[in-house]
1. So, Leu228, is that one hydrophobic (A, V, I, L, M, F, W, C), crowded, with 22+ Cβ neighbours inside 10 Å, at pLDDT 50 or above and part of a loop (DSSP other than H, G, I, E, B) or not?
2. Kindly list, by first and then second residue, each pair from a residue in region 142-155 that is farther than 15 Å from Glu91 by Cβ to a residue that is part of a loop (DSSP other than H, G, I, E, B) and modelled with pLDDT of 90 or more, limited to pairs with Cβ atoms under 6 Å and residues at least 6 apart or on different chains.
3. Answer yes or no: is there a residue in region 554-561 that is modelled with pLDDT of 80 or more and part of a helix (DSSP H, G or I).
4. Given the conditions (1) under 17 Å from Phe562 (Cβ atoms); (2) of a type in the set (A, V, I, L, M); (3) at pLDDT below 85, and given that Leu482 satisfies all but one, which numbered condition is not satisfied?
5. Identify all residues within region 302-319 that are among the charged types (D, E, K, R) and surrounded by fewer than 24 Cβ atoms within 10 Å (Cβ to Cβ); write none if there are none.
6. Is there a residue being surrounded by fewer than 21 Cβ atoms within 10 Å (Cβ to Cβ), polar (S, T, N, Q), modelled with pLDDT of 90 or more and more than 20 Å from the chain's Cα centre (by Cα) anywhere in region 133-153?
7. Could you look through region 242-292, keep only residues that are at pLDDT 70 or above and among the acidic types (Asp, Glu), and pick out the one that is nearest to Val169 (Cα to Cα)?
8. Looking only at residues that are part of a helix (DSSP H, G or I) and of a type in the set (Gly, Ala, Ser) in region 156-171, which one is surrounded by the most Cβ atoms within 10 Å (Cβ to Cβ)?
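The values are calculated or read from the model by the stated rules, or taken from the named source; none is laboratory data. In this text the structure is predicted, and so the values were computed from the model without any measurement. Note that we place each Cβ from the backbone using ideal geometry, even for glycine, and neighbour counts take in every protein chain shown.
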Amino acid sequence: MKNSTAICWLAVLSVFHFGMTAQAATTPEIRAAISKGAAHLETLSEKAHGPIKALYALAIYKADRQSAVVDEVVHDILDRCQGDAYKPTPEHIYAAGVEATLLADKDPEKYRRPLELIRDYIVGQQQANGGWNYPSRDAGKSGDTSVIQYACLGLWACERAAIPVKPEVWGKVLEWHNRYKNQDGGFPYFPGESEGALKGDSELTMTVNAVGSMHIAMLHINPTFLPLKDNSRSLAKKDDPEEEKPKFGVLEQVQIDAPVEKAPDVTISPSTVDTLRRAFGYLSARFTTENKETLHRAYYYYSLERMASLADVESIGGHKWYDECAQYLINKQNADGSWNLQGYQAQIYDTAFAVLFLTRSTGKILKRVDKPDQFGDGTLIGGRGLPDDLAGVEMQGGRVKMKDKPSGSLEELLASLQSSGEISLDDVQNQLVEQIQLGDRNELIGQKDQLIKLIQHPSAEIRRTAVWALGRSNDFSAAKYLIDALSDQDLGVIIEARSALCWLARKPTGFGLAPDPLEDLPDNATDQQKKDAISSWHKDLVVTWGNWYLDNRPFADRGDDFEANFRAKLERIRLGGDSRL
């Protein structure tokens, strides 16, 4: 994102405090602004180049706009991912972070290999002190707070695509921030360096970047740890961030597509919590709706949306950050859909940054804001086919309609699966997912007996629904029922059981076993080839997950009839028996 005028990005001018706006922008106003902004970006595509064009493409894609610009940029990225190495643009980590985000959001499975190469490149550029910088700079320099943000952004995109990053990488990110914070709690552009006006003073945008980067690192060390979420609590009294884990674990706070396993020796130290809270205090005292601190002023909003979404905070220093900044940006949008916030020819960045802020792209990834998708088929697996947030739908006349609040208890929804009323199964599934996403997981665990009964239901689709729900209960005692469901007679139920076990066990890649045994077969595969693929995959599935369960099952369940029968089954498989029996 930087060129020969890179220093201008973050030149310190002033910090100007604004009061709260009189009225927040409405949703239609925001949507209209996003649409006009994305359309304008397409008109600028011929002027864009390199990482600037990648930023354009990301904003256009996040605005849900079909555009040849996106395909153009993806093609260019793939051209630079030939062979065994990612070939960066002159913008290095900046471009790598944006490009990884675009590929991971567009199709993580299709672009897995390029994402692996980008991950290797970013990790390879990390300095011994945990930071990142431009490769051309002296390796002895401390690092660049802005570059670090993009490195973390790119690695997070890779993690979302189930491409793991070693835990020590994230641990070093936190170490860097602990080391290079300023005494006032803020962060500079170049810590400890002096380049003209940039002399290591704390800056608003850089502090936003630092808080965001720290949250990305913490997300991968302890996904449930959100020390800024409720500022009425006093976390300073707690020495161990592990104490902040909610009772039911990772899905309670952060629902990412692929929660990643982390080594237990990488932890979030009390000093990290202190660094983070002091930095947020710096931001709270200086929050501004109109940022005049940097030449590329819209960069502030782009970073702010990510930081606040990751931290899961609605207010900063008493300000509703999104409402106020969205209203400001809408008021500043030009008639042609562009933004140019500082009287400098910067719509080349400003428009993309403003669109990315208004779309709340990070909040959607984390499933913390509403996403206006439509209902479709394929309800269960990973939530595919459903909106990320089902807070806005209800049942009327047996169909899904928009509403303000969810209705119907889990008990009623589960009971309706047993009935043959006018409400369709798809509608019940929609409401069930809604209740599980938005409701109290204690209620779900309280319905475990009902879910276990539904696993025996004659309808394969109802069995699949019950398996999905058990996996989201975070009740480890449900694992044996999911293990049992791996031998269901319906392939869809088996696939759902594997997915549920991945969620319950926090093993997103499922020990490397394919989520679907038929996914790699050619379109013209014979029935026998399909049968053989399913048989081989199923045997590995039952043995692998079965051994995992036997090694990790609750102490109270050890030695029960299920274990005895299952061990006998594993022995039959070892001797060449059918894994489905």
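1. Details: hydrophobic (A, V, I, L, M, F, W, C): yes; crowded, with 22+ Cβ neighbours inside 10 Å: yes; at pLDDT 50 or above: yes; part of a loop (DSSP other than H, G, I, E, B): yes.
Judged against the criteria, Leu228 is a match.
2. Gly143/Gly131; Leu155/Val165
3. Checking region 554-561: not a single residue is modelled with pLDDT of 80 or more and part of a helix (DSSP H, G or I).
4. That leaves (3) as the condition not met.
5. Let us first name the residues in region 302-319 that are among the charged types (D, E, K, R), namely 305-306, 312, 314.
Hits for region 302-319 are Asp312, Glu314.
6. No, that holds for no residue.
7. Per the stated criteria, the residue is Asp274.
8. So the first thing to find is which residues in region 156-171 are part of a helix (DSSP H, G or I), and the list is 156-160, 167-171.
From the residues that got through so far, the ones that are of a type in the set (Gly, Ala, Ser) too are 157, 171.
Numbers: Ala157: 26, Gly171: 22.
So, considering only residues that are part of a helix (DSSP H, G or I) and of a type in the set (Gly, Ala, Ser), the one surrounded by the most Cβ atoms within 10 Å (Cβ to Cβ) is Ala157.
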